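The values are calculated or read from the model by the stated rules, or taken from the named source; none is laboratory data. Worth saying up front: this structure is predicted, and the values here are computed from it rather than measured. Backbone-built Cβ (ideal geometry, glycine too); neighbour counts: all protein chains shown.
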Amino acid sequence: MKDAPTLAEAVAEVGREMAAHRGEGRVADYIPALARVDPNRFGLAVITVDGETAEFGDAWVPFSIQSISKVFTLALALERVGEGLWTRVGREPSGSRFNSIVQLEAEGGVPRNPFINAGAIVTTDAVLDSRTPEVAIAEIRDFLRRLSGVETIDIDAEVARSEAETGFRNASLANFLRAFGNLKSPVADVLETYFSQCAIRITCRQLARAGLFLAREGLDPLNGARVLSPEHARRINAIMMTCGHYDASGEFAFQVGLPGKSGVGGGILTIVPDRAAVAVWSPGLNEVGNSQVGTLALERLAAKMGWSVF
Ligand code: GLU
């Protein structure tokens, strides 16, 4: 029988296997600034709780974090308002598109979970907490800087502007939430904060490092810093598992078997509890809005490494 590959071998094998798939999927074009990204990009980065790293391809090329930011905003919102957050947002998979407005109407303005757009707009409002957008945006950006140890992580102003100019659906969701009394700050402030957090530029390497605390119940295993309580970290992993891939979260759990969160920039952050954090980036999306090649790469990597929470 063939020996199990080392992490470095598995990452290199997956990277090579993905060569035949490069460019698959469709780059998100509803945000004009994202439509210009080269679909052939592919990056993969793993960092283990012992500090071992393995990378492939464009692991050091920044991309738009988009909805993966929702993981970090949820962490900040939970620390800021605690369990009270759950009166404003649920934790059930939505079974609808990430920007659905119908469900919000039917369910009285309480979004299904913090990872669909409506839910993330509520968690962003919780982080904003009646402060100015500048303060909240800096807090979210600095959280990622601190977690990754990279002081240059920043917001791509062009992407943020592009979203603000075309984000009519998100504006509708925010107005709707406000009408239901589920936003405290002015709609314009919440949207500015939300669009800015989605427009953060980050590399696979930085993202994997930033997410590593979720592999150790909220404790950064490499510097010993307590980022989040174990309870909150566990809950974020649970929601990543059940709601992290839009309407294909069940499929991701079935195929990959790990908590993960995708974004329309083509990135996916995946947590291997007690082992590692993995970030992958390939801009082409499948019909549900998840990175097509990124998902395949994670499936292959998890299989080769024997990683699964099940
Ligand atoms: N900024 C994007 C939006 O609100 C995020 C979508 C996503 O990555 O799922 O439409």
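Looking only at segment 21-43, residues that are outside any loop (DSSP other than H, G, I, E, B) and either farther than 23 Å from TRP307 by Cβ or among the charged types (D, E, K, R) (or both) come to 5 in all. For segment 1-51, filtering for residues that are under 30 Å from ALA164 (Cα atoms), touching a Lys or Arg at 6+ places or on another chain (Cβ under 7 Å) and among the acidic types (Asp, Glu) leaves 0. Reported count of residues in segment 249-284, each being over 21 Å from SER64 (Cβ atoms), charged (D, E, K, R) and either free of Cβ contacts under 8 Å to residues at least 60 places away in the same chain or within 16 Å of the ligand (Cβ to nearest atom) (or both), is 1. For GLY224, the stated conditions hold: it is over 12 Å from the mean Cα position of the chain (by Cα), more than 19 Å from GLY119 (Cβ to Cβ) and either part of a loop (DSSP other than H, G, I, E, B) or among the polar types (S, T, N, Q) (or both).
Every residue, every condition in (1) buried (at least 24 other Cβ atoms within 10 Å of the Cβ); (2) of a type outside the set (Asp, Glu); (3) touching a residue at least 60 places away in the same chain (Cβ under 8 Å), yes or no:
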| residue | (1), (2), (3) |
| --- | --- |
| CYS204 | yes, yes, yes |
| ARG216 | no, yes, yes |
| LEU222 | no, yes, yes |
| HIS232 | no, yes, yes |
| ILE236 | yes, yes, yes |
| MET240 | yes, yes, yes |
| ASP247 | no, no, yes |
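Among the residues of segment 1-43, just one is surrounded by fewer than 15 Cβ atoms within 10 Å (Cβ to Cβ), within 16 Å of the ligand (Cβ to nearest atom) and at pLDDT 95 or above, namely ARG26.
The set of residues in segment 136-172 being aromatic (Phe, Trp, Tyr) and either surrounded by 15 or more Cβ atoms within 10 Å (Cβ to Cβ) or closer than 14 Å to LEU34 by Cβ (or both) consists of PHE143 alone. Summed over segment 227-241, the residues that are in a helix (DSSP H, G or I) and away from the ligand (no atom under 16 Å from the Cβ) give a count of 10. Residues of segment 1-20 that are in contact with a Ser or Thr (Cβ under 8 Å, 6 or more places away or on another chain) and over 19 Å from ALA208 (Cα atoms): MET18 alone.
Take ARG97 and decide whether it is away from the ligand (no atom under 15 Å from the Cβ) and not acidic (Asp, Glu).
On the way: away from the ligand (no atom under 15 Å from the Cβ): no; not acidic (Asp, Glu): yes.
It is false that ARG97 is away from the ligand (no atom under 15 Å from the Cβ) and not acidic (Asp, Glu).
Test ARG112 against the criterion of being surrounded by fewer than 16 Cβ atoms within 10 Å (Cβ to Cβ) and either out of contact with any Pro (no Cβ under 8 Å at 6 or more places or on another chain) or farther than 22 Å from PRO230 by Cβ (or both), and give yes or no. Taking the combined requirement at face value, the residue does not satisfy it.
Determine whether LEU74 is closer than 16 Å to GLY260 by Cβ and hydrophobic (A, V, I, L, M, F, W, C). Here the answer is yes, as LEU74 does meet what is asked. For ASN175, the criteria (1) buried (at least 22 other Cβ atoms within 10 Å of the Cβ); (2) within 28 Å of GLU134 (Cα to Cα); (3) within 16 Å of the ligand (Cβ to nearest atom) hold in every case but one, which is (1). Looking across segment 260-294, the residues that are buried (at least 24 other Cβ atoms within 10 Å of the Cβ) and out of contact with any helix residue (DSSP H, G or I) (no Cβ under 7 Å at 6 or more places or on another chain) come down to PRO283, SER291, GLY294. For segment 149-168, a tally of residues being away from the ligand (no atom under 13 Å from the Cβ) and not in a loop (DSSP other than H, G, I, E, B) returns 3.
Taken over segment 135-164, the residue count meeting the criterion of being more than 20 Å from PRO62 (Cβ to Cβ) and free of Cβ contacts under 8 Å to residues at least 24 places away in the same chain is 1. All conditions but one from (1) within 16 Å of the ligand (Cβ to nearest atom); (2) touching a residue at least 40 places away in the same chain (Cβ under 8 Å); (3) over 22 Å from LEU76 (Cβ atoms) apply to GLU287; the one that does not is (2).
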